[in-house]
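One structure is given here, and the rest of the page talks about it.
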Protein chains: 2
Amino acid sequence: MPINRQILLAARPKGWVTEENFKLVEQPVLAPGAGQFGVRNLWLSLDPYMRGRMDDAKSYAPQVEVGGLMVGATVGEVIASQHPGFNVGEFVSGAFGWQEYALSDGTGVRKVDPSRAPLSYYLGVLGMPGVTAWVGLLDIARPQAGETVVVSAASGAVGSVVGQLAKIAGCRAVGIAGGKAKCDYVVDELGFDACVDYKTAKFHDRLRAAVPKGIDVCFENVGGKVFDSALRLMNPFSRITLCGLVSQYNAAAPYGVKNMRSLLVNRIRLQGFIVSDRLEVWPRALDDLGRWLGERRLKYREAVAQGLENAPRAFIGMLRGENFGKQLVQLR
Amino acid sequence: MPINRQILLAARPKGWVTEENFKLVEQPVLAPGAGQFGVRNLWLSLDPYMRGRMDDAKSYAPQVEVGGLMVGATVGEVIASQHPGFNVGEFVSGAFGWQEYALSDGTGVRKVDPSRAPLSYYLGVLGMPGVTAWVGLLDIARPQAGETVVVSAASGAVGSVVGQLAKIAGCRAVGIAGGKAKCDYVVDELGFDACVDYKTAKFHDRLRAAVPKGIDVCFENVGGKVFDSALRLMNPFSRITLCGLVSQYNAAAPYGVKNMRSLLVNRIRLQGFIVSDRLEVWPRALDDLGRWLGERRLKYREAVAQGLENAPRAFIGMLRGENFGKQLVQLR
């Protein structure tokens with residue numbers, strides 16, 4: 001009988017996540033009941049939002065219980081089915097968690113097509129991160145041609161798409177990323193107009209030099225000092241899409257944002273958002289993203305860890321910014 | 001020949017404004033030229049935004065030059081006219097500055113009717129502060145009946161109107177003010193459901209107790225610690241109208257806002273705004289405000305200093321929260 005390896009939340013983190021916060025367990029693979037189907041997971045997505053689910057704090061989604069399965073999206077293959085809508089051999093994406101096998105009744109499950117794009121892409125540019133970029137930029141911030149768009153975590157799963165969508169919209173796209181290799185990639189491969197390394201001295205001066213006409217749209221993934229710098233450069237009537245605060249998720253004490261005055265004097269509109277609030281626009285977003293990917297107007301990079309047992313380490317690395325591209329775990 | 005007393009900006013403040021930042025001078029009263037009229041100012045409005053104009057920092061409006069006339073709105077009487085649209089004996093409101101007499105070509109000048117309301121009201125509930133409350137609450141935050149609205153500086157010119165408009169809209173109105181007298185006034189006279197004194201110990205706990213269903217709309221006039229507390233109590237999909245940051249205008253170092261995470265996880269929409277951006281809604285706002293005032297659904301309180309020479313002291317007191325109601329200077 002095959003074994004289903006799972007990763008559970010062993011203990012809530014205090015500050016930085018460690019590998020001790022996770023526990024790998026083995027369970028028998030269960031057969032689907034009536035109305036269910038069984039999935040063998042092939043790819044696990046690792047995303048910053050998971051850090052929030054490990055905490056006890058009030059958030060937009062239920063926390064993971066201690067001893068519970070870590071939440072996460074996967075792509076897998078249907079290997080057994082008692083569900084009329086899902087057949088063995090089909091590929092699906094769903095919130096199946098950090099495990100090698102899952103059962104589902106189909107709720108929230110999307111069929112994916114391996115002939116259209118590599119299966120892993122449905123966890124990235126053709127999945128939640130891509131739609132996050134599309135909604136946050138095109139539906140919320142609504143940049144106009146000629147405007148300047150700044151995005152932090154620019155080489156990541158969301159940020160890399162944001163900048164490329166900004167270019168498609170006719171904007172100046174400026175990334176913020178950690179280290180020369182990522183910045184070079186963002187400019188040379190992804191086609192951003194500039195990218196500023198937040199780890200260098202004089203970060204603020206460099207960012208200012210990269211936005212000679214100021215910032216019209218800030219797509220914020222990071223928060224903290226980087227966000228405070230961007231605030232000082234925002235233009236009148238500019239927009240901020242607040243999508244993530246990854247610099248804060250493991251901080252013992254939150255960073256205090258000092259440039260709130262910019263929000264007032266520049267009459268900025270800031271919108272916090274979670275892509276799952278906008279399920280109605282997913283089809284339109286995925287349509288655009290798939291088309292632009294097919295036209296090679298969207299480039300995409302992945303960072304792949306091998307094996308479920310390496311998921312915790314890869315997750316921690318991603319929170320530290322050590323990944324380069326969309327972080328995934330290949331499960332087999 | 002009559003004398004026009006004026007108050008000029010003598011020097012830019014460093015941190016707190018002092019009376020030494022101002023200088024009183026005397027000028028001859030000038031006769032209007034062709035297309036001009038002359039005004040004798042009766043009431044000068046003192047408002048927090050003036051603090052920003054004294055600084056060198058980039059803002060939404062030009063700064064006052066050192067040696068220049070302090071900006072401000074007044075209500076006055078036309079005493080001489082070579083302008084076909086303005087006749088001697090009419091009353092007007094305009095940006096005539098901190099002085100006893102002014103010349104105007106009519107740009108931005110509004111005629112006001114002393115039979116409809118006391119003239120000073122056109123600088124408050126029937127002027128910029130009232131319209132600020134109307135736009136920021138009803139047009140930007142758009143509270144629904146049954147929601148909870150929190151407003152800081154609740155006994156002030158803007159805040160007092162915000163809370164009363166919230167009550168008219170069927171909301172729970174909770175004020176934040178400094179000291180028991182102001183809080184009692186806000187509840188007992190203005191009809192707010194509760195008011196929390198930010199100067200008391202356990203301010204945050206008291207604010208939380210006053211909003212048992214959380215905060216749906218925060219109309220922010222103050223910023224700093226008070227705003228940080230409110231952020232922790234915001235509901236999902238709540239709105240923040242950022243109208244002022246009076247706690248910060250004289251601060252040597254800006255307060256660092258720590259609860260940015262609430263903006264993200266609660267998908268908050270924050271909008272910074274300046275009422276002069278929305279000139280097109282002034283007529284509608286003034287119509288509502290005038291009607292509700294006539295119906296005694298809006299109550300209103302003024303703090304009046306006597307004589308132009310006392311304007312600097314009254315202005316500094318207002319920034320410290322020492323005023324109680326809309327701060328004015330009666331010029332004669």
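Okay, here's what the table says:
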| read-out | value |
| --- | --- |
| Amide proton proximity set for A:E90, modelled H, under 5 Å, gap of 5+ | A:V78 |
| Partner chain coverage, peptide B:240-249 - average Cβ within 10 angstrom | 2 |
| Teacher prompt: B:D139 distances to equivalent labels in other copies, 7 Å Cα→Cβ, nm | 2.8 |
| Gyration tensor verdict on segment B:28-132 (Cα atoms; rounded if a/c is under 1.5, prolate if a/b is larger than b/c, oblate otherwise) | oblate |
| Segment B:128-205 shape via C-alpha gyration tensor axes, a/c threshold 1.5 | prolate |
| Shielding by other protein chains, B:270-276, mean Cβ within 10 Å | 6 |
| Kirkwood hydrodynamic radius over Cα pairs of segment B:1-43, then Stokes diffusion coefficient at 37 °C and 0.692 mPa s, in µm²/s | 258 |
| Angle between chain A longest axis and helix A:282-294 axis [Cα atoms, degrees, rounded to 10] | 80 |
| Shortest-first nm distances, B:G294 label point to equivalent points in other copies (7 Å, Cα→Cβ) | 6.3 |
| Pairwise Cα inverse-distance average, inverted: Kirkwood Rh of the protein assembly as shown (Å) | 27.5 |
| Segment B:273-315: radius of gyration and largest Cα-Cα distance (Dmax), Å | 15.1, 36 |
| Cα principal axis extents for segment A:128-276, largest first, Å | 35, 34, 30 |
| Translational diffusion of segment B:198-291, µm² s⁻¹ [Kirkwood Rh, Cα pairs; Stokes-Einstein; 4 °C; 1.567 mPa s] | 87 |
| Free-standing Cys residues across the protein assembly as shown, given no other cysteine C-beta under 4.7 angstrom | A:C171, A:C218, A:C243, B:C171, B:C218, B:C243 |
| Computed [θ] at 222 nm, helices only, for the protein assembly as shown once each DSSP H run of length n ≥ 4 contributes -39500 (n - 2.57) | -6000 deg cm²/dmol |
| Exam field: B:E322 pseudo-label spacings to other copies (7 Å along Cα-Cβ), nanometres | 5.9 |
| Spin-label model distance (nm) - B:R296 vs A:T107, 7 Å beyond Cα toward Cβ | 5.6 |
| Identity and axial distance of the chain B residue whose Cβ lies nearest the axis relating B to A, Å | B:G256, 1 |
| Flagged links, alpha-carbon separation over 21 Å, of B:K167/B:K213; B:K167/B:K202; A:K14/B:K258; A:K182/A:K202 | B:K167/B:K202 |
| Per-residue ³J(HN,Hα) for segment B:314-321, Karplus 6.51 cos²θ - 1.76 cosθ + 1.60, θ = phi - 60°, Hz, x for Gly and Pro | 5, 5, 5, x, 4, 5, 8, x |
| Potential extension, A:A181-A:E309 segment - 0.36 nm per residue separation minus Cα distance | 43.3 nm |
| Per-residue mean of C-beta atoms belonging to partner chains within 10 Å, peptide A:251-260 | 5 |
| Segment B:104-168: trypsin sites (Lys or Arg not before Pro) in DSSP loop, at most 16 other beta carbons within 10 Å | B:R116 |
| Euclidean distance of C-alpha centroids, segment B:254-318 and segment B:53-110, integer Å | 20 |
| For chain B, diffusion coefficient by Stokes-Einstein and Kirkwood Rh (Cα), 20 °C, 1.002 mPa s, µm²/s | 105 |
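Taken together, the values in this text are just the output of simple stated rules run on the coordinates, not laboratory data. This one's a predicted model, so the numbers in the text were calculated from it and none came from an experiment. Note that we place each Cβ from the backbone using ideal geometry, even for glycine, and neighbour counts take in every protein chain shown.
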